[in-house]
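The values are calculated or read from the model by the stated rules, or taken from the named source; none is laboratory data. A quick note: this is a predicted structure, and the numbers were derived from the prediction, not measured. Positions of Cβ are generated from backbone atoms using ideal geometry, with glycine treated the same way; all protein chains shown enter the neighbour counts. To get the accessible areas, we keep the full protein, side chains included, count just its heavy atoms, and leave off ligands, DNA and RNA. Shrake-Rupley method; radii C 1.70, N 1.55, O 1.52, S 1.80 Å.
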Amino acid sequence: MEKVKIEEHGNVAILRLNDKVSNAISTTMVENLSISVNQIKREFRGLVLAGGTRFFSMGFDLPELLKLDRSGMADFFYRFNKVVLDIFTLPIPTACGITGHAIAGGTILASSCDYRFLASGRKLLGLNEIKLGVPVPYLTDMMLRQIVGDRAATQMIYLGEFIEPDEARSIGLADEVLSQDKVENRALEKITELASLPGQAFAAIKANRVEAIRLAYEKYCKVKNETFLDCWFSQPVQELLSKAAEKF
């Protein structure tokens, strides 16, 4: 079964995470995302990333990933970051419609989009990696600082606390907070509007926005990703991750 699906809305595609309730990010989901993002790049003028109403995504599929050896986990982690970079650098407008919790990897995927529209109520976002003993991925760190500024990003990353919609809006992580039934329609409306603009000019403008982060990631990804893996495979962190995996 495919872990994601593409829903056509004229020249805009909704790319929906579609793996049970949790939308946990597994090796198969990353593979499906990679294929789908490349298809959307070829065939559509805009992208809306969406998930479920309970979870947009609860982050990495820890029960699956903890079974991988270092080589397998390295392959997953590099592929995941490549998908995030592919979304971030798409030459078309992108938005994320978040109607459920976006935890850790869920917030990472949301941060790769140009805009984020968030359902009101108790919908949690955040990067809790520090509490599990691993650093926030280098690419994510850079994207978040561009979105919310250095101080707000530092607060989120250092403490690893989850935030609710109003706070996400106040720091600029969410562009709008709406009732749940309006989130995806608003995201589609925004991206359809942007998709009507001259595509070549939009692509050039967006390339200017993402270029510095893309170049930094390409230059330093090996050493930064290996640092993440060093932490992941340390014994104390494996114990923390195993305890977290019990919640799945």
For region 54-136, the Kirkwood Rh over every pair of distinct alpha carbons, in Å, works out to 13.8
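Would you mind telling me the share, in percent, of accessible area of the chain contributed by carbon and sulfur at probe 1.4 angstrom? Spell out each step's value before the answer.
On the way: 5850 of 11370 Å².
Taking all protein chains in place, the chain shows 51 percent carbon and sulfur surface.
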Taking only C-alpha positions in region 98-150, Rg and Dmax in angstrom work out to 11.2, 30
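As a test of reading the structure, rank 54, 116 by solvent-accessible area (1.4 Å probe, protein chains only), most first. Don't skip to the end; give the middle numbers.
On the way: 54 155, 116 10 Å².
The residues order as 54, 116, largest area first.
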Be a star and scan region 62-94 for residues whose amide nitrogen sits under 17 Å from the point 7 Å along the Cα-to-Cβ vector of residue 212.
-> 89
With every protein chain present, what accessible area does residue 167 have (1.4 Å probe, heavy atoms only), rounded to the nearest 10 Å²?
-> 100
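In nm, what is the difference between 0.36 nm times the number of residues separating residue 53 and residue 235 and their Cα-Cα distance?
On the way: separation 182, 0.36 × 182 = 65.52 nm, distance 3.52 nm.
Stretched out fully, the residue 53 to residue 235 stretch lengthens by 62.0 nm.
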Do the alpha carbons of any pairs in 67/219; 82/131; 67/247; 41/206 sit beyond 19 Å of each other, and which pairs?
-> 67/219; 82/131
Judged on accessible area alone, 1.4 Å probe, highest first, 140, 89 line up as 89, 140
Residue 30 accessible area, nearest 10 Å², 1.4 Å probe?
-> 10
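Starting from the Cα gyration tensor of region 81-196, multiply each eigenvalue by 5, take the square root, and state the resulting semi-axes largest first in whole Å. Working shown, then result.
Values: eigenvalues 99, 59, 26 Å².
Largest first, region 81-196 gives 22, 17, 11 Å.
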Computed over the chain, Cα set: Rg, Dmax in Å | 16.9, 52
Partnerless cysteines, meaning none of the other Cys C-beta atoms lie under 4.7 Å away, in the chain | 221, 231
Sum of -39500 (n - 2.57) over DSSP H runs of 4+, divided by residues of the chain (222 nm, nearest 500) = -17500 deg cm²/dmol
For residue 200 and residue 161, calculate 0.36 nm times their separation in residues minus their Cα-Cα distance, and state this gained length in nm to one decimal.
-> 10.1 nm
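Take the Cα gyration tensor of region 1-97, multiply each eigenvalue by 5, square-root it, and list the three semi-axes largest first, rounded to whole angstrom. Before the final figure, lay out each step's value.
Working: eigenvalues 112, 49, 20 Å².
Output for region 1-97: semi-axes of 24, 16, 10 Å.
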Quick one: ranking 213, 205 by accessible area, 1.4 Å probe, largest first, what do you get?
-> 205, 213
